[in-house]
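The values are calculated or read from the model by the stated rules, or taken from the named source; none is laboratory data. Model, not experiment: these values are computed from the prediction. For neighbour counting, all protein chains shown are included, and Cβ atoms are generated from backbone atoms with ideal geometry for every residue, glycine included.
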Amino acid sequence: MSKPLRPGPSSSSSRWAGWLLGPAEAGQGAVKLTLLALVVYGLFALNVAVQVHLGLMERGPALWVSCLSLAGITGFYLLVRTGLSRHLGRDPSLTLPQSVFGALITAWGYAVDPPLRGAIIAIMLLNLVWGMFVLSQRQAFGLYLFGLASLAVAMVYGATTDPANFPAAVESLHFSFAAILMTAVSVLSVNMARLRAKLSARTAELRAALGRIQYLAHHDELTQISNRRHLSERLAAEQLNQRQHGHVMSLVLIDIDHFKAVNDRHGHGVGDAVLRHFAATLHATLRTSDFAGRWGGEEFLVVTPQASAETAAALVERLRDALEAASFDSIVPGLHVTFSAGVAECAPGEDLHLAIDRADRALYQAKQTGRARTVSEFAQL
């Protein structure tokens with residue numbers, strides 16, 4: 001009899017990771033950063049405990065600074081881990097509040113740890129580096145000033161209340177040393193923020209350009225409706241659907257009458273305006289299931305899924321009425337625009353090219369017999 005499988009080490013570690021970091025879809029990057037900060041504060045508290053054990057630091061101040069630092073960073077971790085930080089600002093990591101908190105704790109640690117206060121300056125530098133990849137230029141500079149001011153207050157406090165352990169001359173040198181290092185790190189942080197801002201702007205420009213390219217890949221730039229390529233793709237997909245369900249569809253080829261004369265008489269600018277106006281009227285006339293696009297020049301193709309030639313022809317007549325109501329006077333006073341249309345009913349399984357050829361023949365017949373009319377061809381069964 002086989003024994004039930006027990007969860008291996010990997011599944012146990014996955015459960016622990018899920019418990020500590022939360023669901024992956026919620027974004028674990030911010031939680032990982034805060035958890036790293038929690039580890040750093042834990043190591044700091046351990047170092048303080050060692051100093052107390054060696055008699056280098058008083059137990060009372062050490063306990064306070066360790067407990068409050070661990071409590072504070074644990075609070076930040078819980079805010080980030082539970083997702084509440086997302087409601088407190090645009091940065092789910094709460095980088096700036098964490099850095100300000102770290103600066104205060106570091107300055108406090110400097111004031112209560114005379115033997116190793118010089119080393120604590122390095123922790124203040126860590127607070128500045130922590131926000132280098134997140135904070136804006138203004139925030140990075142503000143954090144630098146706040147951190148430097150916090151250290152200055154701690155130094156002045158120590159030199160005033162405990163001059164034996166905080167000699168004024170030594171504190172002046174410490175401040176100069178801290179100012180030099182923190183200024184250098186601040187300059188790097190501000191430059192990094194500037195580079196990130198430029199990169200963000202370039203990324204936004206690239207996204208906009210990509211969106212424009214994707215739009216133009218499917219739309220005619222002049223009329224803003226589907227282009228021939230997109231029409232062909234949708235037509236192929238619709239024919240596949242037609243074969244699966246066995247219904248007919250109809251294709252309508254539309255040509256604006258005497259369009260060359262409009263260009264010759266009024267110029268290509270007027271011709272472009274006519275095309276845009278016609279396309280907008282056509283789009284407004286379609287049913288939700290229909291789709292249309294510019295087939296080429298002044299020709300437009302309309303696809304009417306699950307529609308007979310009679311239904312498609314009725315749509316064409318609605319377009320005529322809408323075009324009659326849509327005055328072109330705003331383009332050229334008195335300009336009257338008509339069109340000819342050829343309708344081809346396409347049977348399931350019929351070759352699309354043949355159906356479009358039949359619609360083209362019907363359109364040619366409509367133009368040959370006087371224009372401003374519709375000719376229909378029924379499905380070839």
Where residues in the range 137-153 are polar (S, T, N, Q) and surrounded by 17 or more Cβ atoms within 10 Å (Cβ to Cβ), which of them is farthest from the chain's Cα centre (by Cα)? Ser150
Report yes if Leu173 is in a helix (DSSP H, G or I), of a type in the set (A, V, I, L, M) and surrounded by 13 or more Cβ atoms within 10 Å (Cβ to Cβ), otherwise no. no
May I ask you to list the residues in the range 53-63 that are in contact with a helix residue (DSSP H, G or I) (Cβ under 8 Å, 6 or more places away or on another chain) and either of a type in the set (D, E, K, R) or farther than 16 Å from Ala111 by Cβ (or both)? Glu58, Arg59
Which condition number in (1) part of a helix (DSSP H, G or I); (2) modelled with pLDDT under 90 is the one that Leu135 fails? (1)
Residues that are surrounded by 10 or more Cβ atoms within 10 Å (Cβ to Cβ), among the small types (Gly, Ala, Ser) and in the same structural domain as Ala366 (by TED's automatic domain parsing): find the helices (runs of 4 or more DSSP H) completely inside the range 198-289 holding 2 or more of those. 228-245, 268-285
Going through (1) out of contact with any strand residue (DSSP E or B) (no Cβ under 9 Å at 6 or more places or on another chain); (2) touching a residue at least 12 places away in the same chain (Cβ under 8 Å); (3) closer than 20 Å to Arg228 by Cβ; (4) not hydroxyl-bearing (Ser, Thr, Tyr) one by one, Asp351 fails only at (2)
Just give me the residues in the range 291-346 being of a type in the set (A, V, I, L, M), touching a strand residue (DSSP E or B) at 6+ places or on another chain (Cβ under 9 Å) and outside any strand (DSSP E or B), in sequence order. Ala307, Ala309, Ala312, Ala313, Leu315, Val316, Leu319, Leu323, Val337
Looking only at the range 178-211, which residues are more than 17 Å from Gly131 (Cα to Cα) and more than 30 Å from the chain's Cα centre (by Cα)? Ala178, Ala179, Ile180
